[in-house]
1. Taking region 420-467, which residues are of a type in the set (A, V, I, L, M, F, W, C), more than 16 Å from Ala483 (Cα to Cα) and open to solvent by less than 40 Å² (accessible area, probe 1.4 Å)?
2. If you go through region 410-419, how many residues are touching a helix residue (DSSP H, G or I) at 6+ places or on another chain (Cβ under 7 Å) and either open to solvent by 20 Å² or more (accessible area, probe 1.4 Å) or more than 14 Å from Gln468 (Cα to Cα) (or both)?
3. Here is a check on your reading of the model: is Thr282 assigned to a loop (DSSP other than H, G, I, E, B), closer than 25 Å to Leu332 by Cβ and not charged (D, E, K, R)?
4. Quick one: is Tyr130 within 25 Å of Thr37 (Cα to Cα), at pLDDT below 95 and surrounded by 15 or more Cβ atoms within 10 Å (Cβ to Cβ)?
5. If you go through region 424-478 one residue at a time, how many are in contact with a Ser or Thr (Cβ under 7 Å, 6 or more places away or on another chain) and either part of a strand (DSSP E or B) or farther than 30 Å from Ser76 by Cα (or both)?
6. When the residues of region 285-302 are narrowed to those that are modelled with pLDDT of 95 or more and among the charged types (D, E, K, R), which ends up least open to solvent (accessible area, probe 1.4 Å)?
7. Since Thr42 meets every condition but one in (1) in contact with an Asp or Glu (Cβ under 7 Å, 6 or more places away or on another chain); (2) not in a helix (DSSP H, G or I), which condition does it not meet?
8. Show the residue pairs meeting these rules: Cβ distance below 7 Å; 6+ apart or different chains; first residue within region 180-203 and at negative phi; second residue of a type in the set (Ser, Thr, Tyr) and part of a loop (DSSP other than H, G, I, E, B).
Amino acid sequence: MKTRNDSITDSGLDFVKVSGLQFSKDCRPFFVAGFNTHDAVTAAMLTASEYKVAGGKSGKDQIRDMFRQAALAGLSVFRMWVHTDDPQFPFQVSAGVYDEASFRALDFIIEEARRNGLKILLCFVDNWKYYNGIDQAGLDPEAKKYEVARHALFYNDTDCRKLYKSHVSALVHRKNTFNGRLYRDDPTIFAWDLLNEPRCETWRVPECGRILQKWIEEMSAYVKSIDTNHMVTIGSEGFFKHGSVQEYLNPQDWAGQMGQDFLLNHIPEHIDFATIHVWPDTWDRTEENFEAHWIMSHVDTASFRLGKPVLVEEFGKKLMPNRHNPSSIRVLRDPVFKSTYSVVETAIAEGRGIGGTMFWRWDLPMFLGSGRGEYGVAPGDSTFEYVSQHATFTNQWISSQPPRPECQLGCWIPHKSWISRQCEDLPEVCKAYWQVAEKANNASKVMRELRETSILVGGRLISMDGLQVYPSKASCCRPGLGAFDQGCSWTTWWVAGGWRLEAGGWRLEAGGWNWEYCCLHAGVGLSVSQGIWE
């Protein structure tokens, strides 16, 4: 027999879309709390027997650990390249010819993300010059003008555009060897980046702005023509073009000559949302207020001129290898993460056009002795406390609004007692929420009236103030990303004769009385109550 939750999979996954100035998933707003691990494909190809891997763990085990820790911290999305940057591990062995082992590594990553309730933002190619970047052909390092002009050919050359489309098609139509899904049909994929940090420099090629804009329009339309399920964005830093009204917001004069035009680039109908990157150390703009000003100027542009959300797709704090110690991390990196998250959380609370954040980058050590790099953040760092707190904020904000009633999803409410952590489907609660919301004529009035509203359900008085709602039991009970850090403590099956059998113990219901017995982590618990399970 079908139920009203059949549209939700066991992992609670669904395609993310754009609705106004926000992302939407499960018929309610969705905000990204995420991270970058750009070289995950390379990591997934490392075996403990063939390579000197960190901790003696294979790359796949490192990926599993990373996803498990990310989910427990409440992170929801991670971003990576769909190619490698190391010639030892080729993704394409020649133009349009793929290494199957590399593709299977990508299959593995997508499936492991699904198992942990994470989504992935996949970037088709990267702008920068290394193996599999768009400048991978050997260029004369002595001739910068020649190099920059040749770089522009990527966007304008007919054969380059064909190769790019062929690469996109190979990915979109790939069938995952672990779950049998085509990538285009997999809701684990959050969105596609056309290109990480596109540059087409107008100081050398004056028509670069027009060339890049035409490329964005053509390629975004092509992706949408073969994949209607997923969102598409650019992957740019968000520079304002030279001569524009907002050029003064750029970090330096050179930024206006990179061919980007934040507003114009993100206008095309097939670009679903905007992106920005924030690199104060690289741009020599380390003054205290620059990062907040850069973010909010783009949030305002996205909100009032684009009508689309903007995602802070990359941000971080550079530390030299000898400065990766607890003291330097606490003094130099923590304040950057704290202030960035504060700006974004304020924008979320105000209903501005903000989609969330993704820090650069999760420290995935891979090779023994390789170090963490200048931007690596590890779960044991003090910085990670700010990451986890921000994820908690976004998840609580998401779950504070029930799915819209027309979607007919669940209304799963968490309930924690001294003996158990449960989620119960209580549609009366969501109905009461929407009755309040429909009567109020603005967001502030809705919040005020909800704080003063409670509803009696099954002997429990449930307050709308601080309400947390999930569309399925799976999403409610998922550790970290759901209602409880450790997930629910019970799984229920109904059997005949009035018995209710639960994993980890038993419960008998008869005549309004409940008898329960459960083995908890800390020992044995027993609860007997009348009418209400406590």
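1. Val429, Cys430, Ala432, Val436, Ala437, Ala440, Val446, Leu450, Ile455, Val457
2. Looking only at that region, the number is 2.
3. Spelling it out, it is not the case that Thr282 is assigned to a loop (DSSP other than H, G, I, E, B), closer than 25 Å to Leu332 by Cβ and not charged (D, E, K, R).
4. Working: within 25 Å of Thr37 (Cα to Cα): yes; at pLDDT below 95: yes; surrounded by 15 or more Cβ atoms within 10 Å (Cβ to Cβ): no.
No; evaluated as a whole, the condition is false for this residue.
5. The total comes to 5.
6. Glu291
7. Tallying (1) in contact with an Asp or Glu (Cβ under 7 Å, 6 or more places away or on another chain); (2) not in a helix (DSSP H, G or I), Thr42 fails exactly one: (2).
8. Qualifying pairs under 7 Å: Pro198/Ser236.
The values are calculated or read from the model by the stated rules, or taken from the named source; none is laboratory data. Nothing here was measured: the structure is a model prediction, and the numbers come from that model. Glycine gets a Cβ as well: all are built from the backbone with ideal geometry, and neighbour counts include every protein chain shown. Accessible surface is based on the protein model in full, side chains and every heavy atom, while ligands, DNA and RNA are left aside. Shrake-Rupley method; radii C 1.70, N 1.55, O 1.52, S 1.80 Å.
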